[in-house]
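Working notes for the structure below.
The values are calculated or read from the model by the stated rules, or taken from the named source; none is laboratory data. Values in this document were obtained by computation on a predicted structure and should not be read as measured data. Note that each Cβ is placed from the backbone with ideal geometry, even for glycine, and that neighbours are counted across all protein chains shown.
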Amino acid sequence: MENRKTVITGGFVVTMDEVLKDLPQGAILIEGDQILKVASDRSEFDGIDAELIDAEGGIIIPGIIDTHRHTWMALFRAVSADMSLPEFLASTFYGWGSLVTAEVMGAATMVGALEAIDSGVTTIFDCCDCVNSPDHARAAVDSLRASGIRAIYAYGMQKFDFKPTAFKAHEQRLVDARALRSNELSNTDDLVGMGMLLTDFGILPFDETASEFRLGHELGLKLASHTGAASTSILLKGLRELNDRKLLRPGHLHIHCNGLTPPEWELIAKTDGKVSISPETEMQMGMGFPPFRTCLNHGISPSFSTDIVCVGSGDLFSQMRLGLQFQRCIDNDHVHKHVGRMPYEINLSVRDALTWATVNGADALGLAKSVGSITPGKKADITIVSGRRHFVPTCHPIGSVVLQSTAADVDTVIVDGVVRKRHGKLVGQDLERIRARANDALRYVQKEAEKLPNYNPTDIANWFEQAERMASVHFAQAYASS
Ligand SMILES: [Zn+2]
C-alpha cells in the first residue's frame, strides 16, 4: 500500500489549486493515499513503475465534498417529494425516524455512502440525527468505514419517539457521544472522523442546547446546526442568544441559513462560521432562497450539500446546477428590476460553483489541508467525469461538469488512494448483499409506517405552531439561567 503508485492521465485536469490551475494534458502521480506530483504533461512520469488510469478524454476533478448529507434517510427515496418542511418533519423525519432500528441505520448509511461515491462525492459530513440508541451510532460508523468514503460522522443529538427508549434523559446522549469519541472514533487521522449535529435550536431547553455545545467543544468536534432553516419561523434561530452565551466558536457549520436577518449573518461572519447550502430541499420545502449571494456579501465561502434523498437527487452535480442557476436568475432579475436593462454579463461562473463543491467544502469541514484540490501532498481523492455519453467533446470542461453531468457520467472515483468506482461501476463491494439488506430494511420501515397517523394540514399547522411557542420559551431561558 505504502509504495503503490498510480498515474492518472488522458483527461483535462481541473486541479482547483490556485497555483496549478487547469492542465489540459495533465497527469497526476499518486503514491499510497497521497497525491505525490501533478504534471502539465504525462511524459514527466515516463519510466515510473505505476498502474495507469486512462481518463479517456474525460475531466479529472478533485473529489466532490458534500457538507451535509443525512445517509440514515437514504432508503426513503422521494418519500417527501411533495412535502413542505413542516410536513416532512412531522411525517418523515419524526414519523419514519421513530421506526429506524440500528439494522435499518446500518443498511441506510451504507447505501447513502455508496450513492455518494457513485456520484463522484469523496467526502461527506454525515448528519446522523436519528441516534435512537448507542447501537445506531455504531452501526452507522461501521457502514461508513465499510463503504470506503471519507466522512465526518456527525453524532445527532435529536430525540425521537423510538421504542424501546434507549436514552431516558438528554444527559445519556452526551455520555454516549463521549464514549463513541473515546472508543470507536478516537483516532483523528482515520478516514471517518467525528462531529456533532446539535439538536435543532429551540427544541430543547436552552441549557440542554448549551450542554451539547460544551461537550462538542471539549471533545474537539466539528459542530453543525440547521440554522435559520425556516425563513419566517423562530424555530432554528437563536443565534443572538447562543452568541450572548459565548457558544458560537470559529468553524461552526451553519446549514441552510435561508431565514437569517442581516444582524444574524453578521454574527456568523464575526464568529467565522461556515455555511452549507442545499438548493433542492430549500427551494421545495419553503425554507427560503438558497443564500449564495448573502454568503458572498458577508465574505463567507458557501459550500454545497444534498441534504436528503427523501426529496431530490443524491448527487452534487444537481445541487451545483440548481444552486448556480438559481443565483444567476436572481442576479439577472436584480438588473432587470433595478437597472432597467438586459444583463450584459453573468457574474457567477461555473468555476465558482465547482469551487463551492470542492475547495469551500473542504474549508467548511476543516479539511482544507488534506482535500478539496488536486495538490501534491494532499490526500488522493479524485473523481473522473467521462464524456463518453455525449457525441462530441465538450467546449468547456468545467461547464460540462457543473451543468451537464450526472452520476452516470462518473467513470472513476478514488478515495484516499483507493479506487472505489471504475469504468462507471462501484468496485470492491458485494453490491447484491448490500441491495438485499437495504430492501429488507426498507420493507420493514414501510410496513411499520402503515401504523403511523396521517396528518392533515391543520394538524401540521397546530404541531408546528406549538413547537414555535416552545422555542420562544427556550430562547428566553438564555437570559434566565446561568
Ligand atoms: Zn439536514
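Observations
- Any hit, segment 116-138, residues being free of Cβ contacts under 8 Å to residues at least 40 places away in the same chain and hydroxyl-bearing (Ser, Thr, Tyr): yes
- The condition (being among the hydrophobic types (A, V, I, L, M, F, W, C) and touching a Leu at 6+ places or on another chain (Cβ under 8 Å)) is satisfied by just one residue among Val339, Val335, Val350, Val309: Val350.
- Here is the figure for segment 1-51: residues that are assigned to a strand (DSSP E or B) and either in contact with a Ser or Thr (Cβ under 7 Å, 6 or more places away or on another chain) or acidic (Asp, Glu) (or both) total 8.
- For Val401, the test of being surrounded by 16 or more Cβ atoms within 10 Å (Cβ to Cβ), within 21 Å of the chain's Cα centre (by Cα), assigned to a strand (DSSP E or B) and hydrophobic (A, V, I, L, M, F, W, C) is failed.
- Among the residues listed as Ala90, Ala81, the single one being farther than 30 Å from Thr383 by Cα and either touching a residue at least 12 places away in the same chain (Cβ under 8 Å) or in contact with a Gly (Cβ under 8 Å, 6 or more places away or on another chain) (or both): Ala90
- At least 1 residues being in contact with an Asp or Glu (Cβ under 6 Å, 6 or more places away or on another chain) is the threshold, and among the helices (runs of 4 or more DSSP H) wholly inside segment 112-219 those reaching it are 134-147, 170-182.
- Count - residues of segment 19-43 that are among the acidic types (Asp, Glu) and free of Cβ contacts under 8 Å to residues at least 24 places away in the same chain: 1
- Leading residue by the ranking (surrounded by the most Cβ atoms within 10 Å (Cβ to Cβ)) among those in segment 219-232 that are at pLDDT below 95 and more than 14 Å from the ligand (Cβ to nearest atom): Ser231
- Condition check for Val192: within 21 Å of Ala362 (Cβ to Cβ), touching a residue at least 12 places away in the same chain (Cβ under 8 Å) and touching a His at 6+ places or on another chain (Cβ under 6 Å): no
- On inspection, Gly95 passes the criterion of being touching a residue at least 60 places away in the same chain (Cβ under 8 Å), outside any loop (DSSP other than H, G, I, E, B), surrounded by fewer than 24 Cβ atoms within 10 Å (Cβ to Cβ) and small (Gly, Ala, Ser).
- Candidates Ile398, Ile414, Ile382 - the one that is closer than 16 Å to Thr123 by Cβ, in contact with an Asp or Glu (Cβ under 9 Å, 6 or more places away or on another chain) and at pLDDT 95 or above: Ile414
- Residue match in segment 222-233 (condition: among the β-branched types (Val, Ile, Thr) and either more than 28 Å from Ala90 (Cα to Cα) or touching a residue at least 24 places away in the same chain (Cβ under 8 Å) (or both)): yes
- Residue match in segment 194-203 (condition: farther than 25 Å from Phe464 by Cα and more than 20 Å from the chain's Cα centre (by Cα)): no
- Here Ala169, Ala139 are screened, and the one residue that is under 12 Å from Thr109 (Cα atoms), more than 17 Å from the chain's Cα centre (by Cα) and of a type outside the set (S, T, N, Q) is Ala139.
- Residues considered: Gly340, Gly366, Gly372. Of these, the only one that is exposed (fewer than 15 other Cβ atoms within 10 Å of the Cβ) and at positive phi is Gly340.
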